[in-house]
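The values are calculated or read from the model by the stated rules, or taken from the named source; none is laboratory data. These numbers were taken from a predicted model, which means no experiment stands behind them. Here Cβ is always computed from backbone atoms with ideal geometry, including for glycine, and neighbour counts include all displayed protein chains. The protein model used for the area step is the full one, side chains on, heavy atoms only, and it has no ligands, DNA or RNA in it. Shrake-Rupley method; radii C 1.70, N 1.55, O 1.52, S 1.80 Å.
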Amino acid sequence: MGNSALSDTRRIPADMLLIAERRRRMGAAAPAPIEEPPVADVAPQPSAGPDDFFEDALIAETPAQQSELQPALTLFRPLAQVSLAAQHWSSSVDHEALQSAIVCCPVSAAATSPFEQSLIAVVPMALAAQPGGVATLHVTLSADDIAAVEHGMRRASRASGLRLVRAAALPTGIAGAEPASAGLAAPALAAYRHAALIHAWNAVLGAPAAVDLERDRDAAAVNLLSTLRGLLGET
């Protein structure tokens, strides 16, 4: 029964699990007592429910597990439609403006899920067709990614939920670009998306603002701005 409960629970993105574990550790009042080894013939108890799993479990996905995740939605943003000229060089990064400038868009305006319906509120457009033959920012989300975001949206305020949706729609790479440019941009894009997701999950889970999360997101943004400005010729 325990194995069935776990197999029925969707895998949770690493970003959310990191925040959940961080929150759990910060809230611990005392070291956990040492538990006696379980009796061999006593079966482990199943999880109390999906919310407990989301809050407390920390599961490291293996490459094999990751390969099983099927893509459910791919979003795009032609690089020709991206401009960072309005992003000023300063010690303070305008993350909302940066994310709005690069967030990826659906191919069709049709919205069939809560995630897609919320996506309409945070993306600048819907594309008529998948871009081809041009450099394009992109991100692919699995069904499990979308389910986790929708779970977060249900427990968060509308503002926090939309920030989570926008962070999930940030690009992880560039298709149709020169290999050298794509290879240079991919790590910077992925690092910023990761930092933005962790920051958004922190708010969704009701954890207090954390200086280290702000610092990591700012550092990733500065690196991304520098990289994309070079590719866009806006240095």
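Hey, if you put +1 on the Cβ of every Lys and Arg and -1 on every Asp and Glu Cβ in the stretch 123-235, which of Pro124, Ala169, Leu231 ends up farthest toward the positive end of that dipole?
Pro124
Whole number in Å², please: accessible area per residue of the stretch 77-131, 1.4 Å probe, ligands, DNA and RNA not counted.
For the stretch 77-131, the per-residue accessible area is 52 Å².
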